[in-house]
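Beneath this line is the structure, given in structure tokens, with notes to follow.
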Amino acid sequence: MYFIANWKMFGTIKSVNSLNKVISYSKTNKHKAKIVYCPPYTLLKSFVEKTKKTNIKIGAQDCHTQPNYGPYTGGISSKMIKDLGCKFIIIGHSETRAENNNKKINLKIKSALEEKLNIILCIGEKLVDKNKNKTKNVLKKQLLEGLKNLSNLNKVIIAYEPVWSIGTGIIPSENDLIKNIKFIKDTLKKSKNFTKSKVLYGGSVNPKNIKNLMRISNIDGFLIGGASTNEKIFIDIIRKSII
Ligand code: PGA
């Protein structure tokens, strides 16, 4: 099971100390949770150094569409992220999709794959799509356009994050989650011939709902925002996931 901490735009240089308890926990971690921290760019290097002798991996939250280097002021490429010692990257998070269409997301995935980074591709419907019964159409479009012309998907993990669940405290029903995760896995099987897909759930995961979420047998882990910035709460989620 993956437990991926998405810190979004939170954290200062002192935040590296808030990994101490998670590092000790990860050493005793009986069920071998795969813990990944995705802090902002400014903290990547210190997080990589802090977790060097541990099983915790570090990832970025986005990258530029262009590979390598170039005249793109403010840009950070997947090559630079790899150079810092990161192993993961989040691409297509709904909070970045205002500046990102599926074509740009596809370019970002290609550049990250060239660097052999593990990609967490976020997909998910908005409330208006859900209310119009368009969830499957949205998920399929985001998947197929995001992964266009890519055949080897072994390094791609999907995070299903309904936009209306992010930061709201509202999570989908057990039935909807099972159905939508199955749909994602089936689509990857049918359209991309990819049978080993891993699908995470993200959106308002917390210590209170983790036990119920763990009952959903086709979930391969969680992408956790707000609750992951407090290490006690993050550890509590991982601990309670053991059933
Ligand atoms: P949340 O965020 O856990 O704060 O809802 C999840 C995410 O945006 O990845």
Give a residue-ordered list of calculated ³J(HN,Hα) values for the range 51-60 (Karplus: 6.51 cos²θ - 1.76 cosθ + 1.60, θ = phi - 60°; whole Hz; x for Gly, Pro). 9, 3, 9, 10, 8, 6, 10, 10, x, 8
For the chain, return all DSSP H helices satisfying: extent of Cα atoms along own axis at least 20 Å; mean Kyte-Doolittle hydropathy at least -1.0. 174-192
Would you mind calculating the gained length between D176 and Q66 on full extension (0.36 nm times residue separation, minus the Cα-Cα distance), in nm to one decimal? 36.0 nm
For the chain, the charge dipole (Cβ of Lys, Arg +1; Cβ of Asp, Glu -1; about the Cα centre) points to a positive end, and the Cα of F88, Q61, I219 closest to that extreme belongs to I219
Heavy atoms of R97: accessible area, 1.4 Å probe, square angstrom to 10: 50
Give me the percent of Cα-Cα pairs in the chain that sit more than 34 Å apart, rounded to a whole number. 11
May I ask you to evaluate 6.51 cos²θ - 1.76 cosθ + 1.60, the Karplus curve with θ = phi - 60°, for each residue of the range 67-82 and list the ³J(HN,Hα) values in order in whole Hz, giving x for glycine and proline? x, 6, 10, x, x, 10, 3, x, x, 9, 8, 5, 5, 5, 5, 4
Counting other C-beta atoms within 10 Å, and keeping those with at most 13, which DSSP coil trypsin sites (Lys or Arg not before Pro) do you find in the range 25-61? K30, K32, K52, K53
Long-range amide H contacts for F3: which residues qualify at under 5 Å (H placed 1.01 Å from N, peptide plane, sequence gap of 5 or more or a different chain)? K34, I35, V36, F222
Using label points projected 7 Å from each Cα along Cα→Cβ, tell me how many nm separate K134 and N17, to one decimal. 4.9
Of K45/K240; K50/K126; K32/K116; K79/K148, which ones are farther than 26 Å apart at the Cα? K45/K240; K50/K126
Set of the range 135-168 residues, backbone N closer than 20 Å to the point 7 Å along the Cα-Cβ line of N193: 143-157
Filter the chymotrypsin sites (Phe, Trp or Tyr not before Pro) in the range 80-183 down to the DSSP loop ones having no more than 15 other Cβ atoms within 10 Å, then list what survives. none
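The values are calculated or read from the model by the stated rules, or taken from the named source; none is laboratory data. Owing to the predicted nature of the structure, the values given are computational and were not obtained by experimental measurement. No Cβ is skipped: glycine too gets one built from the backbone with ideal geometry, and neighbour counts run over all protein chains shown. Only protein heavy atoms, including side chains, enter the accessible area calculation; ligands, DNA and RNA are left aside. Shrake-Rupley method; radii C 1.70, N 1.55, O 1.52, S 1.80 Å.
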